[in-house]
1. Which values of log₁₀ I(q)/I(0), to two decimal places, follow from the Debye formula for the range 39-213 at q = 0.14, 0.17 Å⁻¹ with a uniform point scatterer at every Cα?
2. What number comes out for the charge environment of L112, summing +1 per Lys or Arg and -1 per Asp or Glu over other residues with Cβ under 12 Å away?
3. Work out the FRET efficiency for K89 and D285 from their Cβ-Cβ distance, taking R0 = 35 Å, and round it to the nearest 0.05.
4. Could you pull out every residue, at least 5 positions away or on a different chain, whose amide H is within less than 5 Å of the one on Y97? Hs are placed 1.01 Å off N in the peptide plane, and Pro or chain starts have none.
5. Which loop-located trypsin sites (Lys or Arg not before Pro) does the range 303-402 contain, where loop means any DSSP state but H, G, I, E or B and the Cβ has at most 11 other Cβ atoms within 10 Å?
6. Is it possible to state the helix-based mean residue ellipticity at 222 nm for the chain, with each DSSP H run of 4+ residues giving -39500 (n - 2.57), the sum divided by total residues, to the nearest 500 deg cm²/dmol? What is it?
7. What is the diffusion coefficient of the range 1-127 in µm²/s, taking the Kirkwood radius over Cα pairs and the Stokes-Einstein relation at 10 °C with a viscosity of 1.306 mPa s?
8. Once the Cα atoms of helix 39-49 and of the chain are each reduced to a long axis, what angle between those two axes, in degrees from 0 to 90 to the nearest 10, is obtained?
Amino acid sequence: MANNNLVGFFKDYLTEDTLFQNKKALSTSYTPQEISHRDKEIDQVAGILAPLLKYDKPSNLFMYGKTGTGKTLVMKYVTQQILKVAEEKKTAIQIIYLNCKLKRIADTEYRLIAQLIREMGKEVPPTGLPTDEVYNIFYKILENNPCMLLIVLDEIDQLIKKAGDEIIYNLTRINSDLKESQITIVGISNSLVFTDGIDPRVKSSLNEEEVVFPPYNALQIQDILKERCTTAFKKDVIKEGVIEKCAAYAAREHGDARRAIELLRVAGEVAERKKKKVVDITDLDEAEEKIEKDRVIDVIKTQPKQSQAALYCIVEIFEVKRKKIHTGEIYEKYKNICGNLNLRPLTQRRISDILAELDMFGIINSQVISKGRYGRTKEISLAFSTSMLTKIKKLLQQELGI
Ligand SMILES: Nc1ncnc2c1ncn2[C@@H]1O[C@H](COP(=O)(O)OP(=O)(O)OP(=O)(O)O)[C@@H](O)[C@H]1O
Ligand SMILES: [Mg+2]
């Protein structure tokens, strides 16, 4: 594009027909008008937290369910409604919502308590005080400002992974010293195994109540998408069958509403780039492929060198063989290329672990094959479409400096 054409380009860009009416409705930060298929969960959470409004301490609550099942949405909705009534009735309720995945908020016990203090409107140095002292400040704020404090720790597994599980125990223990205020904790997680690892004391203090969010089925995802479409797209832009297939894609692994909404957004963008007036199934398929490609590339980029090297071997063998590969073959090749790559060869056992990880990330598929009295072996195949093979190989060569 010549420089002098840029103004023209921008003007065209502005007047260009867009398929979207309100694209923000498909962004992650958007709060939908309606929450469908979560009445039961909303009622449960509301019932558990309602005592706040009578200035009684509710039970601590643990909410879990797979990603994109509406946990954060439901929690935010219920707390907003509680605050509305609390304001009207002048009940002293404070609600602090923290996403523990965010850096510098929940990496250490100190940081978390400091953040809580800040949320309550007081300052505290970012480091330097003994942790006990920070707890003391927090305690004093609560005693000087009587309230029912609800602390929502979203993605709590991240907090416990980084800062340990004592923190939950310590937080709940403050209650026995507090006279004017009480603390209730809501933990939210999409990791179902994380509670297995934590101290039973901590687990039971958090799990006084539990609400489980089941994955949506394809029909439920369809409803969510239809509702979202009416705000996000102009009228009659989405062709018949698109919503259904989009929901089917999303429900393939588990019903993840976030993934479904993202897919629809990308399908809209694909159609728009082609200057089409409607979004049809081919746009959706293209969007699905694009998202999958981005995902695979992201995972590969973040793998350690050893893992990238193992994957590179699989790709090279597959290019020639075009069928399933035995782990033995991969290991032989891996040992050979380690020298060129300046890598210290790992044991076959460690490479097996690495392959299991790549399987978990959905980059490869491995299948255990019994060889009768010769024991068992694993057969490996690539989990991404072979149309991506060349691109992935190039990426790995870049990453490994080949
Ligand atoms: N029942 C629903 N109705 C409308 N939109 C929904 C519904 N459930 C989820 N969504 C939308 O799907 C996306 C994911 O929902 P949410 O963030 O609540 O999932 P989550 O369970 O917290 O997932 P994660 O475990 O990954 O944090 C959000 O954009 C949300 O608005
Ligand atoms: Mg969430």
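Nothing in this text is a laboratory measurement; each read-out follows from the coordinates by a stated rule. Everything numeric in this text was worked out from a predicted model, so none of it was measured. Please note: Cβ atoms are built from the backbone with ideal geometry, for glycine as well, and neighbour counts cover all protein chains shown.
1. Values, matching the q order: -0.72, -1.09.
2. Neighbourhood net charge equals 0.
3. On the way: r = 53 Å, r/R0 = 1.50.
In this case the efficiency is close to 0.10.
4. V152
5. Numbers: sites: K305, K321, R322, K323, K324, K333, K335, R349, R350, K371, R373, R376, K378, K391, K393, K394; in loops: R322, K323, K324, K371.
Filter output for the range 303-402: R322, K323, K371.
6. On the way: 17 runs with 216 residues, N = 402.
So the calculated ellipticity at 222 nm is -17000 deg cm²/dmol.
7. 84 µm²/s
8. 40 degrees
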